[in-house]
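The numbers here are math on the coordinates, done by the rules we state, and not lab data. Here the structure is a predicted model, which is why all the values come from computation and not from measurement. Every residue, glycine as well, gets a Cβ built from its backbone with ideal geometry; the counts of neighbours run over all protein chains shown.
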Amino acid sequence: MDIYKADGWKRIEWIDALRGIGLFFVVLGHSFGYRWDPVRLWIYSFHMPLFFFISGLTFRDESGPFLRFVLKKAKGLLLPYAAVNLFSYVIKAVIRTGTSMYAGLSPLPALKGFVLGTTDDLPCVQSWFLPALFLAEVLLFAIKRLLKKEWAVFAAALALGIVGSAVLSPRKYENIPWHADAALCAVLFVCLGSMFIKALPYFKRALDNKLILIAVPFLAAGGAYLQTFNIKVSMNENRYGKLWIFWPSLICTVLALVILSYRVFKRSGLLTAAGRNSLFIFAYHAFFLSALKTYFPEAMKDIRAVLAAAVVDFCIMVPLARLLTVKAPVLVGKARRKD
């Protein structure tokens, strides 16, 4: 979730919007209680692969030393990982003192969860993504330095993706540090994002044609329909089900969202602001939803309540993120910007 630059210091608005769309689906997916209806199953089939793909869109082929790249990514991903888990633990501890929420919170399991990156005990459950992304980007950087040729890099990423999604899926062992098995699959998603942004000039003309919007409902419906033939997909659990269904479903949905962000939502202030402040929203959006699911469990079984909760939570989090990432960037492991 690094801040990225393109064309000097100018951000790419449609990528911000795409990240914002992905964040809304993360919030919506977490708004459901324990029900797994087709909408939630569809969201889980693409929302985390989408974020790894977006990371690939902003991945840079750097020529510096390997260690410098590792340290840069550690600063950009592992420091925020530490920060959001520390502050999430503190917030949960404060909430627990006056409510029935987070009764199982305990320092030693939380520390173990943080060190291993295992979601059962992580104070910020969704932050498992950050160390997995760190591993994926470091692996992809190493592959690019070793193999040079684009086709060879893709072949290596594909091989790792097959190992992660076919050989090691579903997860064979508990407590795999930093979701290393899912990180192997993530290498492929990041690689595809990197290849997509490089190839963008070749099909930019097609994206600039308004008629391409006709494809969006068919792609989205196709992705959702295909998912109905698969099991619940979860990168957190490194489970993808039938790969011959997972991949076409994922490609259809991601293409639909890319077209929407490029053609329609790149001027959306709400979505681009969410994309620019994605880490804060990603880390802290669940507190409001947890309260709703704790105190209104029956109401949160209604899809209308779920959708309303997601919209309200998202609309609250975006301005809050814009404010606090400037005033208190330590909440996401960042230093305060100098004027």
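For this structure, a couple of remarks:
- In order through the range 274-279: 3J(HN,Hα) via Karplus (6.51 cos²θ - 1.76 cosθ + 1.60), integer Hz, x for Gly, Pro: 4, x, 6, 10, 5, 5
- Cα gyration tensor shape for the range 90-182, rounded if a/c is under 1.5, else prolate or oblate: prolate
- Dipole orientation for the chain: of the candidates SER268, ILE214, LEU188, SER268 has the Cα lying most toward the positive pole (charges on Cβ; Lys, Arg +1; Asp, Glu -1).
- Segment ALA152-GLU237, extension gain: residue separation times 0.36 nm, minus the distance between their alpha carbons: 27.7 nm
- Net charge dipole, the chain: roughly 840 debye, given to the nearest 20, about the Cα centre with Cβ charges of +1 for Lys and Arg and -1 for Asp and Glu.
- Three-way shape label, the range 195-339, alpha-carbon gyration tensor, a/c 1.5: oblate
- Only helices enter the 222 nm calculation for the chain: every DSSP H run of n ≥ 4 contributes -39,500 (n - 2.57), and dividing by all residues gives -21500 deg cm²/dmol, rounded to 500.
- Residue ranges 321-327, 124-130 sort as 124-130, 321-327 when ordered by packing (mean number of other C-beta atoms within 10 Å per residue, highest first).
- For the chain, the relative contact order comes to 31 percent (Cα pairs under 8 Å, sequence separation of at least 6).
- The range 154-251, dipole about Cα centre (Lys/Arg Cβ +1, Asp/Glu Cβ -1), debye to the nearest 20: 220 debye
- Listed residue (LEU324, ALA283, TRP128) projecting farthest to the positive dipole end of the range 13-332, Cβ model: LEU324
- Unsatisfied cross-links (Cα-Cα over 28 Å) in the set LYS293/LYS334; LYS198/LYS266; LYS144/LYS232; LYS92/LYS327; LYS198/LYS242: LYS293/LYS334; LYS144/LYS232; LYS198/LYS242
- Karplus-based coupling profile of the range 129-136, in residue order and whole Hz: 4, 5, x, 5, 5, 4, 4, 5, with θ = phi - 60° in 6.51 cos²θ - 1.76 cosθ + 1.60 and x standing for Gly or Pro.
- Along the range 86-95 the Karplus relation, 6.51 cos²θ - 1.76 cosθ + 1.60 evaluated at θ = phi - 60°, assigns HN-Hα couplings of 4, 6, 5, 5, 4, 4, 5, 5, 5, 4 Hz to successive residues, with x for each Gly and Pro.
- Taking only the Cα atoms of the chain, the ratio Rg/Rh comes out at 0.94, with Rh defined as the Kirkwood radius.
- Backbone amide hydrogens, once placed in the peptide plane, bring ARG239 within less than 5 Å of SER234, excluding anything fewer than 5 places away on its chain.
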